[in-house]
Each structure stands twice: as structure tokens, then as C-alpha cells.
Amino acid sequence: MALHEKTVLVVFRTSVVALAAAACVLTGLGTAKAACELVKATASEASPVLAARTSQALVVQGANDLKRAKRWAYLTLYAHKVKGDPFWKAVRPNGVPDYAQIKPDIVTSRFYTTCFTGVVVPYVCTTGSAACGQ
């Protein structure tokens with residue numbers, strides 16, 4: 001194969017690759033962006049530790065349900081700050097009062113959990129996570 005033929009072949013291959021890449025970008029087949037949704041759960045238990053664990057487990061369950069519903073190939077959870085979500089909103093219409101909050105909040109890379117004393121149950125925790133997948 002002559003030098004000129006090799007050059008033409010390389011230019012042709014490069015042009016085909018460039019056109020294919022441009023077509024993918026224009027038709028939306030390029031890199032997909034991850035989508036995120038807030039998942040939060042509230043649980044009551046006999047201790048704040050158990051309430052926190054239960055609310056975090058419920059967030060994982062909800063995030064996995066979301067992953068199946070969205071048909072995501074992967075799922076990553078990131079802590080997302082949420083306010084305490086009392087069960088008895090008729091008794092606490094303005095949310096959790098300061099005197100009922102248990103500090104400090106529990107923050108990990110995957111969960112943001114805030115706990116408080118309940119009205120009819122001993123302890124309540126609300127956990128929030130941003131569930132991201134694609």
C-alpha cells in the first residue's frame with residue numbers, strides 16, 4: 001500500500017469515528033446524566049439508636065424500589081438534610097419543636113438522620129438521602 005493510500009485510509013477512518021461520535025451526541029446517545037431523587041423515611045422505636053437504624057433501613061428499601069421503578073443500572077445514596085417528620089401532625093402542625101429534638105443529628109456519607117421524642121411513641125427518627133442512579 002502506497003503512502004498516499006495509507007494517508008487516505010487514516011483520514012477516512014478518522015472521519016468515520018468523528019461522524020459517529022457527533023451522531024451519538026446529537027441523538028442523545030452520548031454519556032447519560034445521573035438523576036437524583038429525595039428518599040426519606042420516618043420510624044419510631046423504643047430507643048433513638050433503633051429508630052435511626054430502622055429509618056435508614058427504610059430509606060435503603062425505598063431507594064431500591066426507586067431503582068427498580070426507574071430501571072437504573074446502579075444506585076448511589078448521598079446524605080440529604082431533612083427536617084423531622086412527626087407522625088402526629090395534628091399535635092405538631094409546625095413540625096418538631098426545639099425541645100423535642102435529640103442532638104446531634106446523625107450524618108454519614110449516605111444518610112442524614114434527625115431524631116426527636118415522639119408524642120405517643122418514645123423516639124422517632126427521620127432519615128433523608130439523595131438516591132442517584134442511571
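The values are calculated or read from the model by the stated rules, or taken from the named source; none is laboratory data. The structure displayed is predicted, hence computed values, not measured ones. Neighbour counts run over all protein chains shown; Cβ positions are idealised from the backbone, glycine included.
Looking across the range 27-63 at every residue that is farther than 19 Å from Thr126 by Cβ and of a type outside the set (A, V, I, L, M), the one that is modelled with the highest pLDDT is identified as Lys33.
Among the conditions (1) at pLDDT below 95; (2) farther than 21 Å from Leu50 by Cα, Leu75 misses just one, which is (1).
Given the residues Arg92, Arg68, which is the only one that is closer than 30 Å to Ala35 by Cβ and out of contact with any strand residue (DSSP E or B) (no Cβ under 7 Å at 6 or more places or on another chain)? Can you show your working first?
Details: Arg92 fails: closer than 30 Å to Ala35 by Cβ.
Residue meeting the stated conditions: Arg68.
Tell me, yes or no, whether the range 67-75 has at least one residue that is within 13 Å of the chain's Cα centre (by Cα), surrounded by 12 or more Cβ atoms within 10 Å (Cβ to Cβ) and part of a helix (DSSP H, G or I). The answer is yes, given that some residue of the range 67-75 is within 13 Å of the chain's Cα centre (by Cα), surrounded by 12 or more Cβ atoms within 10 Å (Cβ to Cβ) and part of a helix (DSSP H, G or I).
Note on the range 76-93: among residues that are part of a loop (DSSP other than H, G, I, E, B) and β-branched (Val, Ile, Thr), the one that is farthest from Thr126 (Cα to Cα) is Val91. The numbered conditions (1) at pLDDT below 95; (2) within 17 Å of the chain's Cα centre (by Cα) are all true for Gly133 except (1). For the range 94-126, residues that are assigned to a loop (DSSP other than H, G, I, E, B), touching a residue at least 60 places away in the same chain (Cβ under 8 Å) and surrounded by 16 or more Cβ atoms within 10 Å (Cβ to Cβ) total 1.
Here's a check for you: in the range 44-66, which residue that is among the hydroxyl-bearing types (Ser, Thr, Tyr) and assigned to a helix (DSSP H, G or I) is farthest from Gln101 (Cα to Cα)? Within the range 44-66, the match that is farthest from Gln101 (Cα to Cα) is Thr54.
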